[in-house]
Amino acid sequence: QVQLVESGGGLVQPGGSLRLSCAASGSIFSISAMGWYRQAVGKERELVAAITKDGSTNYADSVKGRFTISRDNAKNTRYLQMNSLKPEDTAVYYCNAVLSTNRNPGLYADYWGQGTQVTVSS
């Protein structure tokens, strides 16, 4: 069973920073892409940042210049560095991976973490 374990969420003041981590574990064969999504109260879940196997990245317009996604392939871990945080960044953040397992190496599917709360408030 593949598990995505998140850490780093919490309460931070406006203008502050947080670094989210998500480690993938289990019988993973290959990770095609990794990303972070968020869902605020009353809103749809949205893509925050994503990184593909070749290192290409994509960011939501609202976080460009403030957030950075990165990865550590050796540890199957990805990070979201969040700087200059604003109250509107408050949401539950979910890590996501598109990967295949050893049981079926050619079949890629989405896997999700359980989410971590980020609250930006003074």
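Is the C-alpha gyration tensor of the range 20-71 telling us rounded, prolate or oblate? Criteria: a/c under 1.5 is rounded; beyond that, a/b larger than b/c is prolate, otherwise oblate. Since a/c reaches 1.5 but b/c is at least a/b, the shape of the range 20-71 is classed as oblate. When both the range 1-57 and the range 88-122 are represented by their alpha-carbon centers, they are found 5 Å apart. Packing, taken as the mean count of other beta carbons within 10 Å per residue, orders the peptides 111-121, 76-86 from highest to lowest as 76-86, 111-121. Within the shell defined by Cβ-Cβ distances under 14 Å, the residues around TYR111 carry a net charge of 0, with Lys and Arg each +1 and Asp and Glu each -1. At q = 0.11, 0.17 Å⁻¹, what base-10 log of I(q)/I(0) does the Debye formula yield for the chain when every alpha carbon is treated as an equal point scatterer in vacuo? Cα-only, vacuum Debye calculation for the chain: -0.35, -0.80.
Just so you know, all these numbers are worked out from the coordinates, no wet-lab data involved. This is a predicted model, so every value here is computed, not measured. As a convention, Cβ positions derive from the backbone with ideal geometry for all residues, glycine included, and neighbour counts pool all protein chains shown.
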